[in-house]
């Protein structure tokens, strides 16, 4: 049996002008994971990362701490298929289209736009975004310039299979990606309803570990959303 560990990137710079950067806390989460793995004698045969800067930086910082603790961290291979869903496309294209035909969603957008304290802004964004992604999954009006839910799910499944088929026997593989990818991977493997992919997505902590055991022909969920490297709840974040 081999082990595939999906790692959500460390906390990104939410609400900053450039979201695709790790926050100071996100960098710490990543280093703590590398230190934890290194101090416990883990080994990795292959490392893959998505194309986003937050994903690649997470893999880089894990590797630095892992090596400092005495481990050998393979050079990460960037796979475009490990990317998150198209957040920018959702906000630029799907959100305005949905707001014109759904007054409830339009009110959620307005509440988000007028929110100011950080916690209120996070809550109002989450309320709006959940409705937006449910509409995306329903695919009543797929958009040519935004990846559809079906296309995204197929990409997730294809990327997992690609890693699964190519991995040497009895290997350990690390995969740095994002919450939407992880939630969809788990939903697909468990053959649960589509909506569960989003429910799982909302619960994936930054730098959390979701593990599968696998052979070339079989893939089984072993653990979900573990954070043994983050000893204090203050280090647990979802955005």
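Please arrange 184, 237 by how many other C-beta atoms lie within 10 Å of their C-beta, fewest to most. Mind showing how you got there, number by number?
Values: 184 25, 237 19.
Fewest to most other Cβ atoms nearby, the residues stand as 237, 184.
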Practice prompt. Taking the chain as the reference, fit the longest principal axis to its C-alpha atoms, fit the long axis of helix 179-190 to the helix C-alpha atoms, and give the angle between the two in degrees, 0 to 90, nearest 10.
Written response: 80
Worksheet item: If one takes the longest principal axis of the Cα atoms in the chain, at what angle in degrees, from 0 to 90 and to the nearest 10, does the Cα axis of helix 118-138 lie?
Response: 90
Practice prompt. Run a plain Debye calculation on the chain (Cα atoms as equal point scatterers, no solvent) and give log10 I(q)/I(0) at q = 0.10, 0.15, 0.17 Å⁻¹, rounded to two decimals, same order as the q list.
Written response: -0.47, -1.03, -1.29
Worksheet entry | Viscosity 1.002 mPa s, temperature 20 °C, Stokes-Einstein D of the range 87-138 from Kirkwood C-alpha radius, µm²/s | 195
Discussion item. Quick check: the distance between the Cα centres of the range 170-232 and the range 114-134, to the nearest angstrom?
Written reply: 24
Practice prompt. Please work out the Kirkwood hydrodynamic radius for the range 63-183, using every pair of different C-alpha atoms, and report it in angstroms with one decimal place.
Written response: 17.1
Fill in: Helical mean residue ellipticity (222 nm; -39500 (n - 2.57) per DSSP H run of 4+; nearest 500) of the chain
-15000 deg cm²/dmol
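With 10 angstrom as the radius, rank 214, 15 by how many other C-beta atoms surround their C-beta, starting from the fewest.
Numbers: 214 22, 15 10.
In order of increasing Cβ crowding within 10 Å: 15, 214.
If packing is taken as the average count of other Cβ atoms within 10 Å, what order do 55-64, 73-82 fall into, highest mean first? Before the final figure, lay out each step's value.
Details: 55-64: 23.7, 73-82: 16.2.
In descending order of packing, they fall as 55-64, 73-82.
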Practice prompt. For each of 158, 121, 54, count neighbouring Cβ atoms within 10 Å of the residue's Cβ, then give the residues from fewest to most.
Written response: 158, 121, 54
Item to complete: Using a cut-off of under 12 Å, list every residue of the range 76-105 whose amide N is near the label point 7 Å from the Cα of residue 150 along the Cα-to-beta-carbon line.
Response: none
Worksheet item: Rounded, prolate or oblate: which one fits the range 39-126, using the alpha carbon gyration tensor with axes a ≥ b ≥ c (rounded when a/c is under 1.5, else prolate when a/b beats b/c, else oblate)?
Response: prolate
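If R₀ is 45 angstrom, what is the calculated FRET efficiency for the pair residue 161 and residue 114, using the beta carbon separation as r and rounding to 0.05? Intermediate values should be presented prior to the final figure.
On the way: r = 44 Å, r/R0 = 0.99.
Efficiency computed from Cβ-Cβ geometry: 0.50.
Taking the mean number of other Cβ atoms within 10 Å as a proxy for protection, how do you rank 103-109, 26-32 from highest to lowest? Don't skip to the answer; put the middle values down first.
Details: 103-109: 15.6, 26-32: 22.1.
With the highest mean Cβ count within 10 Å placed first, the list reads 26-32, 103-109.
Since every read-out is calculated from the coordinates, none of them should be taken as a lab result. The shown structure was predicted, so the numbers you read here are calculated from the model rather than taken from an experiment. Please note: Cβ atoms are built from the backbone with ideal geometry, for glycine as well, and neighbour counts cover all protein chains shown.
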